[in-house]
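Q: The structure's right below; bear with me while I get my questions together.
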């Protein structure tokens with residue numbers, strides 16, 4: 001029989017990566033949309049930037065294990081890279097940094113809380129990761145202050161709405177389909193029912 | 001990625017994928033630390049030439065692949081040009097404020113976005129996924145359970161596309177109204193994701209039964225090693241960077257040597 005390995009099991013890894021690859025396609029399709037919205041100006045594009053963090057949020061909500069947020073973000077961004085992202089290699093490195101920051105937030109809560117608040121904080125973490133990369137890449141500090149404030153505000157709000165609120169509602173809808181039964185065969189409610 | 005496009009496999013396809021990844025990631029960071037626009041323009045041009053003649057794709061395909069990169073170039077550069085800070089004003093109209101500093105900074109980050117994009121495109125165009133993951137396992141000691149999971153997930157993509165079509169037809173046949181971005185997204189995302197998760201779990205059981213999750217020593221169907229093309233690869237990029245730097249410093253196009 002298989003010996004107990006440390007870390008994630010193959011089933012967790014495969015499921016995380018499959019979810020991530022689905023979002024890799026969305027990430028890839030999101031890029032032209034982002035560019036199109038960017039043409040409108042006034043940093044409206046930053047409101048939809050948060051979509052690029054959703055893989056880590058959703059994987060964390062569904063699989064609920066240490067490391068899946070990071071793995072999901074890396075897998076989604078490498079999927080995006082393999083499909084020929086318009087930002088090229090950059091997406092992979094952004095993905096690693098964003099996933100790492102989201103993971104750190106989830107680790108700070110010891111992987112025990114799975115509500116909108118924690119996932120939104122994870123999205124904020126990923127946003128900070130993306131801003132660190134932007135800082136090195138694009139001299140964003142050189143934007144005029146009012147412009148900079150608008151830029152940051154739009155990106156944080158977008159991240160919380162998409163990778164926080166939307167991710168939680170997606171996860172809830174997926175729980176109803178019963179696909180998460182494999183990881184959590186019995187919930188706390190079931191045990192409470194036994195004690196009644 | 002394998003598109004059904006006629007292409008000639010150049011020697012870049014034969015280089016070790018892990019080595020190629022490492023070289024290109026190193027170049028990525030090198031590009032981040034170039035602050036001289038002359039050097040950066042040279043790097044971008046050199047990568048563009050490599051993209052045109054080194055990837056083995058026909059010209060019309062290259063054109064369509066390059067178009068989004070050009071858009072990124074324009075959008076990145078223009079937003080910095082119009083709204084950046086600076087002291088030497090060239091043009092002012094409402095909130096738009098073009099200065100000499102912001103203009104050159106805009107040009108610089110535009111070319112930077114272009115260079116970074118080309119690096120990634122050159123990698124994804126000349127690397128096939130299967131040798132890539134075998135090489136990652138053999139040269140970079142990526143755990144097989146991760147590598148084979150990636151490969152299995154890539155194989156699921158066509159099935160997902162088929163399912164996407166099926167859902168679309170089903171919704172059309174049932175006359176589901178085609179409105180509301182959020183509800184439309186859920187109508188597609190929930191069945192696609194739940195089916196993918198179920199399939200992933202079944203495949204994982206099969207893969208675990210076949211010891212793909214084992215941590216012992218394993219042999220590989222494809223042995224990926226190193227060859228003369230790897231030396232070419234390193235030499236090519238070293239020469240490219242050196243030439244770009246030398247020409248940029250000694251024969252500049254513009255007199256600015258640092259945009260910060």
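Q: Would you mind putting B:19-29, B:173-183, B:39-49, B:195-205 in packing order, based on average other-beta-carbon counts within 10 Å, highest first?
A: The most tightly packed comes first, giving B:39-49, B:195-205, B:19-29, B:173-183.
Q: Per q in 0.05, 0.08, 0.10, 0.11 Å⁻¹, report the Debye log10 I(q)/I(0) for the protein assembly as shown, using one uniform scatterer on each alpha carbon and no solvent.
A: For the protein assembly as shown at q = 0.05, 0.08, 0.10, 0.11 Å⁻¹, log10 I(q)/I(0) is -0.20, -0.50, -0.79, -0.94.
Q: Okay, next question. Over all directions, the average projected area of the alpha-carbon convex hull for the stretch A:10-182 comes to how many nm²?
A: 9.5
Q: Once the Cα atoms of helix B:228-250 and of chain B are each reduced to a long axis, what angle between those two axes, in degrees from 0 to 90 to the nearest 10, is obtained?
A: 20
Q: Take the Cα radius of gyration of the stretch B:122-260 and divide it by 2.2 N^0.38 Å, with N its residue count; two decimals is plenty.
A: My calculation over the Cα atoms of the stretch B:122-260 gives 1.67.
Q: Springs between alpha-carbon atoms under 10 Å, Gaussian network over chain A: tell me which of A:179, A:105, A:37 tops the mean-square fluctuations.
A: Its mean-square fluctuation being the largest, the pick is A:179.
Q: Can you figure out the FRET efficiency of residue A:44 with residue A:116, using R₀ = 30 Å and their beta-carbon distance, to the nearest 0.05?
A: Plugging the Cβ-Cβ distance into 1/(1 + (r/R0)^6) gives 0.80.
Q: A follow-up question, please. Between 0 and 90 degrees, rounded to the nearest ten: what's the tilt of helix A:145-159 against the longest Cα principal axis of chain A?
A: That helix lies at roughly 20 degrees to the long axis.
Q: Rounded to whole Å, give me the distance from the Cα center of the stretch B:190-226 to that of the stretch A:149-163.
A: Using only Cα atoms to place each centre, the spacing works out to 37 Å.
Q: Treat the stretch B:144-209 as a sphere of radius equal to its Kirkwood radius over Cα pairs and apply Stokes-Einstein at 10 °C in a medium of 1.306 mPa s; give the translational diffusion coefficient in µm²/s, rounded to a whole number.
A: The Stokes-Einstein estimate is 118 µm²/s.
Q: At a threshold of 8 angstrom on Cα-Cα distance, excluding pairs fewer than six apart, so keeping six or more, what relative contact order does chain A reach in percent?
A: So the answer I get is 26 percent.
Q: Taking the 0 to 90 degree range and rounding to the nearest ten, how far is the long axis of helix B:129-139 tilted relative to the main principal axis of chain B, both from C-alpha atoms?
A: 90
Taken together, the values in this text are just the output of simple stated rules run on the coordinates, not laboratory data. Source: prediction; values computed, not measured. Heads up, the Cβs are rebuilt from the backbone with ideal geometry, glycines too, and the neighbour counts pull from every protein chain shown.
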